[in-house]
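Q: The structure under discussion is supplied below as structure tokens; questions concerning it will follow.
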Amino acid sequence: MSTEAANTNRADMIVCENVDKWYGDFQALKDVSATIAEQEVVVVLGPSGSGKSTLIRCINRLEAHQQGTIIVDGVELTNDLRNIEKIRSEVGMVFQQFNLFPHLSVIDNVTLAPKWVRKMPKAAAEKKAEELLEMVGIPEQAEKYPGQLSGGQQQRVAIARALAMEPRIMLFDEPTSALDPEMIKEVLDVMKDLAHGGMTMMVVTHEMGFAREVADRIIFMESGEIVEVGTPEHFFTNPTEDRTKLFLSQIL
Amino acid sequence: MTKDNQLLGFEPAKLTKRLVAGASCILLLSILASLMLGPVSIRPDRILFEILDRIPGISIDSGLSQVEAAIIWDVRLPRIVLGLIVGGLLAIAGASYQGVFRNPLADPYLLGVAAGAGLGATVAIVSGATNGEGMFDTLPIAAFLGSAVAVGITLAVGGAVARSTSTASLLLAGVAVASLFTAIQTYIQQRESTTLRQVYSWILGRLSTSGWDEVIMILPYAAVSVLVMIAMRGTLDVLAVGEEEALSLGIRPERVRWLVIGAASLAAASAVAVSGLIAFVGIIVPHAVRLVVGASNRIVVPLSLIIGASFLVLTDLLARTLQSPAELPIGVVTAFFGAPFFLFVLRRSDGII
Ligand SMILES: Nc1ncnc2c1ncn2[C@@H]1O[C@H](COP(=O)(O)OP(=O)(O)O)[C@@H](O)[C@H]1O
Ligand SMILES: [Mg+2]
């Protein structure tokens, strides 16, 4: 695992500077600044409603921020559609609810976007999809339909689907929150492999074990603000902010 | 709608090829039957020879008389080809609308196409502008313009309101525009009651042709709209996964919707312009296809084109032979088969739709 010192040599993949985001009158992000380096794994923690989803959704422009700058892999997010398209092609996203297309087999779900959005040739898309299904540990399910898979397997297909677009950054928004407890580990293991493989990742999760073990840094949010940022060691053993301590005392 | 479909246990790619091959066979048989049957029956072998004879470099004596050859080339074939195009257009437009709106009951006439065409056609008939001379007949042009205006208003009003996630306002705008156009059309029609018969015969739908003019007239629109819908069919599947997933996979849902809705409306308007209102084809054909192959637009859209074409050629055969030499309006025949099928589907899928 890289330390913060090591990260300084790496390029910045995500830079948020003084980002403000309102939903109507309600301010969901308040002066948020954060930088994520290449190959870094950042876990975002915080109570429900603290703005975690809003933050990562702003990063691939599923939501638009109103003030401040967000720069992803050197490209600033503005209303320019070309920029947004470029960013979306570099950023993969995995949601809590793994919506797969029920009428297509697993392999077709994974190859759908490469074939129809990227215009990748069928054979290449399928080869890639097979590798990815191997990577997420379900190569034998390729011809099955989503309805025949467990929740954990479906979420792994959704991860493979996002990876099939060859993103440089992966965003995860509570990827295991909809899963039965016994399936959480298999999904986290896939994410762990991905992190070890050098993917830049931003993960919203309540899985403290994952945060402790895999994160390079932890961002703690509350009420739309970043309260504290630090390594897992710092965060779990020696937090500086009272609000962090209170949060930790409630969940640990 | 989320009926699980294991594609009858075949590998999907293979199944698709087989289905396309099967559907194409049905299509060819429908064409052959339509060439053979009518007030004058013509033997199939002679038809085949006659067609081969027309291929450059081949010369076979088909044994057909000049009159029979003229019946094939100038009467039956243009009508068959028009039926193929109109049926294919209505079915593929229906399938595409259903994919975009994610509603299996979406109809190609949905956004005001029918009402707009009705008004255009009525105005043309009432004003006596139709001269019945095929390509230069104003009726199809007026009907096409009426559709285009109606759909244009629907898209402008509904689309302005419809932010990315909502197609409901588009559908509501369609309903409102259709009512308005129908009201105006009815008003004009009542005022000029001497032309009622003509207006009704147009509304009930027909495929009568004068040579190849109608075919030539709609061919460019048909080709463009079909190409767009075929090209977008996989993208519709990506969209079907969910708005946000589609966005994160690099699709611009809005753009996809506009393209597909535009192409489907163009297809429906072209079909309506030359054939009047032929009901149900746009719903029952994609539906029947979906019952067999599942709901992947990638497969449903192109298969609907082929099956829709065969379906309309066969219903037109019935329309012109059942009461021969009189002709039934083809819209009556499609409704006769379509409505019961529709009720059957509704019953089967209650709770799902
Ligand atoms: N589309 C929206 N419209 C209005 N308010 C929203 C919307 N999405 C989120 N919010 C509000 O913004 C705040 C942060 O939400 P969110 O980012 O989803 O929090 P988290 O993911 O940390 O639980 C919450 O108070 C939520 O109610
Ligand atoms: Mg959230």
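The values are calculated or read from the model by the stated rules, or taken from the named source; none is laboratory data. None of these values were measured; they are calculated from a predicted model. With ideal geometry, Cβ positions are generated from the backbone for all residues, glycine too; neighbour counts draw on all protein chains shown.
Q: Of all residues in the stretch A:18-31, how many are away from ligand 2 (no atom under 16 Å from the Cβ) and under 15 Å from A:Asn60 (Cα atoms)?
A: Summing the residues that are away from ligand 2 (no atom under 16 Å from the Cβ) and under 15 Å from A:Asn60 (Cα atoms) in the stretch A:18-31 gives 1.
Q: Sticking with this structure for a sec: Which residues, counting only those in the stretch A:164-202, are within 16 Å of ligand 2 (Cβ to nearest atom) and among the hydroxyl-bearing types (Ser, Thr, Tyr)?
A: A:Thr176, A:Ser177
Q: I'm trying to understand the selection: among the residues of the stretch B:30-45, which are out of contact with any helix residue (DSSP H, G or I) (no Cβ under 8 Å at 6 or more places or on another chain) and of a type outside the set (Ser, Thr, Tyr)?
A: Across the stretch B:30-45, the qualifying residues are B:Pro39, B:Asp45.
Q: While we're here: Taking the stretch A:53-86, which residues are closer than 18 Å to A:Thr35 by Cα and within 15 Å of ligand 2 (Cβ to nearest atom)?
A: A:Ser53, A:Thr54, A:Leu55, A:Ile56, A:Arg57, A:Cys58, A:Ile59, A:Asn60
Q: Within the stretch A:59-68, can you find the residues that are over 12 Å from the mean Cα position of the chain (by Cα) and at negative phi?
A: Of everything in the stretch A:59-68, those that are over 12 Å from the mean Cα position of the chain (by Cα) and at negative phi turn out to be A:Leu62, A:Glu63, A:Ala64, A:His65, A:Gln66, A:Gln67.
Q: Counting only residues that are more than 22 Å from B:Glu244 (Cβ to Cβ) and not charged (D, E, K, R), which one in the stretch A:146-191 is nearest to the other protein chains (Cβ to nearest Cβ)?
A: Among residues in the stretch A:146-191 that are more than 22 Å from B:Glu244 (Cβ to Cβ) and not charged (D, E, K, R), the one nearest to the other protein chains (Cβ to nearest Cβ) is A:Gln148.
Q: Within the stretch A:41-52, is there a residue that is touching a Phe, Trp or Tyr at 6+ places or on another chain (Cβ under 7 Å), modelled with pLDDT of 95 or more, of a type in the set (A, V, I, L, M) and within 13 Å of ligand 2 (Cβ to nearest atom)?
A: yes
Q: When residues of the stretch A:87-108 are filtered for being within 14 Å of A:Ala162 (Cα to Cα) and either touching a residue at least 60 places away in the same chain (Cβ under 8 Å) or within 8 Å of chain B (Cβ to nearest Cβ) (or both), how many remain?
A: 15
Q: I need a count of the residues in the stretch B:124-166 that are at pLDDT 65 or above and of a type outside the set (Gly, Ala, Ser).
A: Of the residues in the stretch B:124-166, 16 are at pLDDT 65 or above and of a type outside the set (Gly, Ala, Ser).
Q: What helices (runs of 4 or more DSSP H) completely inside the stretch B:8-120 contain at least 2 residues that are in contact with a Leu (Cβ under 9 Å, 6 or more places away or on another chain) and closer than 30 Å to A:Glu143 by Cβ?
A: B:12-36, B:77-101
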